[in-house]
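Data first, discussion second: the structure below is written as structure tokens.
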Amino acid sequence: MKRFHSHFNGYSVEFSPFEEQRMACVTSQHFGIIGNGRQYILDVLDRDIGAFKTFDTRDGLYDCSWSEENECHVASSSGDGSIKIWDTQAPSGGRPIKSFEEHTKEVYSVDWNLVTKDTFITGSWDQSIKIWNPRTERSLKTFREHRYCIYSAIWSPRNAHLFASVSGDRTLKIWDSRDTRSLNTIKAHDHEILTCDWNKYNDKEIVTGSVDKTIRIWDIRYPDRPTTILRGHTYAVRRIKCSPHSESMLASCSYDMSVIVWDRAREQDPILARMDHHTEFVVGLDWNMFIDGQMASCSWDEQVCVWNLGRPGQFR
């Protein structure tokens with residue numbers, strides 16, 4: 001397992017959609033409560049992980065997403081309500097090439113559209129969701145229905161207009177960006193929902209993770225009950241990522257300081273691997289789309305880790 005010391009507390013990590021060795025990681029000082037933030041651009045090398053570029057911010061950073069149309073651009077969301085676009089070809093320590101400042105509270109989620117590739121979406125603690133184009137000065141559209149903090153807003157991997165959002169109001173909402181009202185609202189958990197992701201192979205399936213310690217899988221055509229409930233974490237599920245290489249696999253990380261890789265094809269024992277390589281809350285997680293089985297995580301323990309899944313129950 002390769003490790004990188006981030007000096008600040010990790011919040012989100014994402015592999016580049018253009019370069020197999022490159023990833024972005026955002027971090028916050030003092031656990032994101034007060035202090036500065038840092039956007040890292042990292043390279044996974046033969047023996048370790050190296051910092052390619054670093055960009056500092058006055059407030060903590062909570063999420064990041066690579067541009068789908070420019071391999072040098074990455075967006076990060078900030079505790080001051082801004083979204084910053086960075087150019088990885090700029091010198092370390094440089095200023096963002098753009099800063100959007102419409103949200104009035106912390107922006108906890110940013111996600112680039114995989115289909116149109118020219119827009120991204122943000123979810124904020126101000127209870128709003130906004131769609132942006134990096135070439136415009138203002139947001140393109142704002143959506144307001146959630147009644148509490150929005151923790152995640154994610155585009156469909158196949159439909160250019162569909163996105164999902166989850167909130168502390170315990171609901172999962174499905175939206176069409178051409179309408180200001182949601183298409184569907186699912187009472188998905190009995191406690192706050194911190195994360196969601198779409199199945200990369202089935203655009204009718206969404207996975208949610210909650211403070212109630214469960215992961216629930218939803219067929220959005222039948223919202224009355226989840227198709228599957230996965231239990232294994234002992235504290236809140238902080239982030240979920242569906243595999244880009246398998247319809248049945250997903251990974252989750254938790255405040256129980258673990259990462260779990262699940263394979264729903266193993267009905268009797270869906271936990272493929274459980275990793276306890278962090279010593280604090282694990283809040284960032286991603287799969288490398290170029291290298292089957294390669295994963296990354298980041299944690300409040302100031303460690304960014306990259307590993308490759310081996311045989312079931314093992315990693316290296």
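The values are calculated or read from the model by the stated rules, or taken from the named source; none is laboratory data. Because the structure is a prediction, the values reported are computed rather than measured. Note: ideal-geometry Cβ built from the backbone for every residue, glycine included; neighbour counts use all protein chains shown. These area figures cover heavy atoms from the full protein model, side chains too; ligands, DNA and RNA do not enter into them. Shrake-Rupley method; radii C 1.70, N 1.55, O 1.52, S 1.80 Å.
Of the listed pairs 2/98; 117/187; 98/141; 53/130; 98/173, which have alpha-carbon separations greater than 24 Å here? Over 24 Å apart, Cα to Cα: 2/98; 117/187; 53/130; 98/173.
Remark: relative contact order (the chain) = 13 percent; criterion is Cα-Cα distance under 8 angstrom and separation of 6 or more residues. Note on the chain: with neighbouring protein chains present and a 1.4 Å probe, carbon and sulfur make up 45 percent of its accessible heavy-atom surface. Against the set (1) 53, 45, 38; (2) 50, 47, 33; (3) 78, 40, 39, the structure's computed Cα extents along the principal axes in Å falls on (2).
What's the ranking of 141-149, 74-82, 234-242 by average number of surrounding C-beta atoms within 10 Å, highest first?
Peptide ranking by packing, descending: 74-82, 234-242, 141-149.
Peptides 41-52, 283-294 ranked from most to least packed by the mean count of surrounding Cβ atoms within 10 Å: 283-294, 41-52. Calculated accessible area for the chain comes out at 42 Å² per residue, all protein chains present (probe 1.4 Å; ligands, DNA, RNA ignored). Computed on the range 1-136, with alpha-carbon pairs under 8 angstrom and 6+ residues apart, the relative contact order is 17 percent. Only aspartates and glutamates eight or more places from residue 204 in sequence, or on another chain, were considered; those with a Cα closer than 15 Å are 176, 219, 224, 247. Only one residue of 305, 214, 186 has its Cα farthest out toward the positive end of the dipole of the chain, where Lys and Arg carry +1 and Asp and Glu -1 on Cβ, and that residue is 186. Each Lys and Arg Cβ is given +1 and each Asp and Glu Cβ -1; about its Cα centre, the chain then shows a dipole of about 400 debye.
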